[in-house]
Amino acid sequence: MSKSENEKLKRAQRTREFLAQLAERYPQCFTRDPAKIRPLAIGIQHKLREELNADDEWKETPNWLIRQALALYTRSGAYLNAIVEARPRINLDGSEAGTVTEQEQAHGKERLEAWKKRRAERQKTKNRVSRASLRSVPRSKPSANWKPSPRNSRKINSPAGCRPSRADGAPKQAPCA
């Protein structure tokens, strides 16, 4: 993995962690429950920046992290569904902050269809890769000190109707000749 790919993964992880922290701090605004997700107020990024600047612990939060977290949240399928359903917009405290316009609804529908298409393509690619990787895995040979299990050590060429005796010594059928 190249350095830039590693950095991308770290940034993505940091963004997910920050979004989880936002959900703890503003549970009425950010949620993972698809039924409770509502569109965010227009300009919420600036309101969020003001709120974080007022808190010494959160003051140093970089703007790119806020933008990335909001982008991650607003590009999810559940959020796009909320836009298409025209649920009311909300502020950080969960209070209503307007409605979704018909134009925003239409744009949300386009984005949702594109999101579903990308997801289906990713799933198809994922399935192809996993099947191909299964075929390319060589079968392993038994090791030098492999011993057959009792199940593998049964006599294959035993006479018909002949079964091994039970553990208590009593035969299940007539003993084999």
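The values are calculated or read from the model by the stated rules, or taken from the named source; none is laboratory data. All figures in this text were calculated on a predicted structure; none of them were measured in a lab. When we count neighbours, we look across all protein chains shown, and the Cβ atoms used for this are built from the backbone with ideal geometry, even at glycine.
Below is a table of values for the structure above.
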| quantity | calculated |
| --- | --- |
| Answer residue from region 47-75, given it is within 21 Å of the chain's Cα centre (by Cα) and loosely packed, with under 15 Cβ neighbours inside 10 Å and is modelled with the highest pLDDT among those | ALA71 |
| The lone exception for LEU52 - which of (1) free of Cβ contacts under 8 Å to residues at least 12 places away in the same chain; (2) farther than 27 Å from TRP115 by Cβ it fails | (1) |
| Selected residue (only one of LYS59, LYS126, LYS36 is outside any loop (DSSP other than H, G, I, E, B) and of a type in the set (Lys, Arg)) | LYS126 |
| Hits in region 1-33 (condition: charged (D, E, K, R), more than 25 Å from ASP55 (Cα to Cα) and either more than 19 Å from the chain's Cα centre (by Cα) or not in a helix (DSSP H, G or I) (or both)) | LYS3, GLU5, GLU7, ASP33 |
| Residues within region 31-46 that are of a type in the set (D, E, K, R) and buried (at least 16 other Cβ atoms within 10 Å of the Cβ), tallied | 1 |
| Candidate set from region 68-109 (those that are acidic (Asp, Glu) and part of a helix (DSSP H, G or I)); member that is nearest to ALA41 (Cα to Cα) | GLU104 |
| Criterion violated by ALA82 - all others in (1) under 25 Å from GLU113 (Cβ atoms); (2) surrounded by 13 or more Cβ atoms within 10 Å (Cβ to Cβ); (3) without any contact (Cβ under 8 Å) to a residue 24 or more places away in the chain; (4) not hydroxyl-bearing (Ser, Thr, Tyr) satisfied | (3) |
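Rundown of residues vs (1) more than 23 Å from the chain's Cα centre (by Cα); (2) closer than 12 Å to PHE30 by Cα; (3) of a type outside the set (Val, Ile, Thr); (4) modelled with pLDDT of 95 or more, yes/no style:
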site	(1), (2), (3), (4)
GLY77	no, no, yes, no
LEU80	no, no, yes, no
ILE83	no, no, no, no
ALA86	yes, no, yes, no
ASP93	yes, yes, yes, no
ALA97	yes, no, yes, no
GLU104	yes, no, yes, no
HIS107	yes, no, yes, no
LEU112	no, no, yes, no
